[in-house]
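A quick write-up on the structure given underneath.
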Amino acid sequence: MIKKILIANRGEIAIRVMYTCREMGIKSVAVFSEADRNSQHVRLADEAYFIGPAASAESYLVIDKIIDAAKKSGADAIHPGYGFLSENAEFSDRCKTEGITFIGPTSEVISVMGDKISARKKMIAAGVEVVPGTKENLESDEDALRVVKEVGLPVMIKASAGGGGKGMRLVRKEEDIISGVRAAKSEALAGFGDDTVYVEKFVENPHHIEFQVLGDSHGNAIHLFERECSVQRRHQKVIEETPSPLMTPELRAKMGKQAVMAAQAVDYVGAGTVEFLVDDDLNYYFLEMNTRLQVEHPITEQVTRVDLVRQQIQIAGGMAIEYKQEELYQQGHSIEARIYAEDPCTNFMPSPGLVKNHTAPQGPGVRVDGYVYSNYEIPIHYDPMISKLIITGKNREQAIARMKRALYSYKISGVRTNIRFLNRILETDSFVSGNYNTQFIDENIDFLIQKETPADSHDKLAIAASFIHYMKNNVVVKAENGNDADCEETSKWKAFGKRQSSLRL
Ligand code: MV4
């Protein structure tokens, strides 16, 4: 049985894994870079090892350093979290040779799924629906013209070594085929050192729906239903929810079965995610499989009441999955919003730095997976995500209302955040009705990032209130719409007030 786990990660996911370790009586080992000396994951671990400079290429991504820390600490297993080395076949293999349990799939499975052409081949052989297209590299211009004509325009040219939106080219017109393929190839070569590309039929306005799966070393595989991840910006997920508003019980059963078939096709051991594109006619197509725990895994945990990290650890320790497919069901509705230190008004420029105040929401249905505390400085070296706000209600309507309430009471000062942007998403008709797809953010971007709306007059009132409160300390006024005054604006008004001793709205 696993007694000590090294977590080869940082931030909220390192903490998330440590929580389950502690509940299971397993010791946790943190690793940290120069930039993470004051990080919460270091404080919460049982032990912590320094692994070098801030740059992840010199710390969190260096296999030797992670293995070295694991050996020094006597850890019997490594949890990679997400990102960093989580889908690195060499790392999984190295753990194996060193006699350390890698909490995740084998290097063979990571490689098969990491190569999109080989993943497509596996899925086709297993009877999983893939996007119509090819499973061979485009070798020449003639090849490209012939193959694209076979598949039929419009098409997506995709890098086999890519995934997650990297190295893709949409081609709609015949005259753009050759240039599109060449562009995709050179992008793929530059990005992945491999110019292998393949062709898929382009699915218009798709939904991105993924299924959580678990497989164990006893040959069992189950799914834990879907997550709707269509609210994305530049292939970065912003909001995820489960159940998907698009889903019907019949479609869920069919896609769930496909997801399990995908896992079984590679004898999958661990937690994984099978991604699908779903079109308006509810046709679904396998897109790719992620061989790690995902950022958005908590919404699945909330509606299924399954601790996915516990399942990962137990499975890695040789135990069977704790649940049978028939005993699982979705209870209620869960939504995750990713809170970022970024400024939606300046093209989502990252805004790391000193967080003066961090007061997270609380109350019924609220889970915050984060790592930032007041007076913590968010390092510039990593992803600027502050936390994940995971809201659960008895139904979608209640979950949305709770999310608005939670966003309203989330106080972060010192850095710009996307909280207002998230609020706007929850006020957009197509989101509220559940009738949205992957085009959602692009279609609504003006409203989502707009600074002034009638509702902002209420925000100004809140600014005025904070000004009065600041000056006299005896007045409290609340904004009627529940929106909070923008931190930066508030401080501007305060400065204005200091100089002028007056306030103009
Ligand atoms: C597609 C597609 C339409 N047709 N493939 C983007 C991320 C990568 N995982 C695959 N992606 C897409 N592949 C075909 N054949 C549209 C997308 C796509 C997308 C997919 C999921 C979520 C958001 C997206 C936004 C734009 C494009």
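The values are calculated or read from the model by the stated rules, or taken from the named source; none is laboratory data. All of these numbers come straight from a predicted model, not from anything done at the bench. Cβ placement follows ideal geometry from the backbone for every residue including glycine, while neighbour counts extend to all protein chains displayed. Protein only, heavy atoms only, side chains kept; ligands, DNA and RNA dropped before computing areas. Shrake-Rupley method; radii C 1.70, N 1.55, O 1.52, S 1.80 Å.
General remarks:
- Test set (1) open to solvent by less than 10 Å² (accessible area, probe 1.4 Å); (2) farther than 22 Å from Cys229 by Cβ - Ile390 fails condition number: (2)
- Any hit, the range 162-176, residues being within 24 Å of the chain's Cα centre (by Cα), open to solvent by 30 Å² or more (accessible area, probe 1.4 Å) and of a type in the set (Lys, Arg): yes
- Failed criterion for Met385 (all others in (1) under 20 Å from Asp36 (Cα atoms); (2) open to solvent by 40 Å² or more (accessible area, probe 1.4 Å) hold): (2)
- If you filter the range 432-446 down to residues that are more than 15 Å from the ligand (Cβ to nearest atom) and within 24 Å of Asp279 (Cα to Cα), you find that the one that is least open to solvent (accessible area, probe 1.4 Å) is Gly434.
- Restricted to strands (runs of 3 or more DSSP E) entirely inside the range 303-388, those with at least 1 residues that are of a type in the set (S, T, N, Q) are 333-340, 357-359.
- Answer residue from the range 197-221, given it is open to solvent by 10 Å² or more (accessible area, probe 1.4 Å) and over 24 Å from Arg172 (Cα atoms) and is farthest from the ligand (Cβ to nearest atom) among those: His218
- Taking every residue in the range 260-271 that is at positive phi and pairing it with any residue that is open to solvent by less than 10 Å² (accessible area, probe 1.4 Å) and assigned to a strand (DSSP E or B), at least 6 positions away or on another chain, the pairs with Cβ-Cβ distances below 7 Å are Gly270/Gly215.
- Count - residues of the range 291-320 that are open to solvent by 10 Å² or more (accessible area, probe 1.4 Å) and either within 25 Å of Glu129 (Cβ to Cβ) or within 16 Å of the ligand (Cβ to nearest atom) (or both): 2
- For the range 177-195, residues that are closer than 17 Å to Glu142 by Cα and either surrounded by 23 or more Cβ atoms within 10 Å (Cβ to Cβ) or within 16 Å of the ligand (Cβ to nearest atom) (or both) total 4.
- The number of residues in the range 322-344 that are closer than 19 Å to Glu240 by Cβ and aromatic (Phe, Trp, Tyr) comes to 1.
- As a summary of the residue check, Arg94 satisfies the conditions (1) within 15 Å of the ligand (Cβ to nearest atom); (2) under 30 Å from Gln311 (Cα atoms) except for the one numbered (1).
- Flag if Tyr329 is assigned by TED's automatic domain parsing to the domain that holds Arg234 and surrounded by 14 or more Cβ atoms within 10 Å (Cβ to Cβ): no
- Number of the exception - Lys135 against (1) part of a helix (DSSP H, G or I); (2) open to solvent by 70 Å² or more (accessible area, probe 1.4 Å): (1)
- Strands (runs of 3 or more DSSP E) lying entirely in the range 1-96 (those with 3 or more residues that are more than 23 Å from Gly164 (Cα to Cα)): 4-7, 27-32, 47-50
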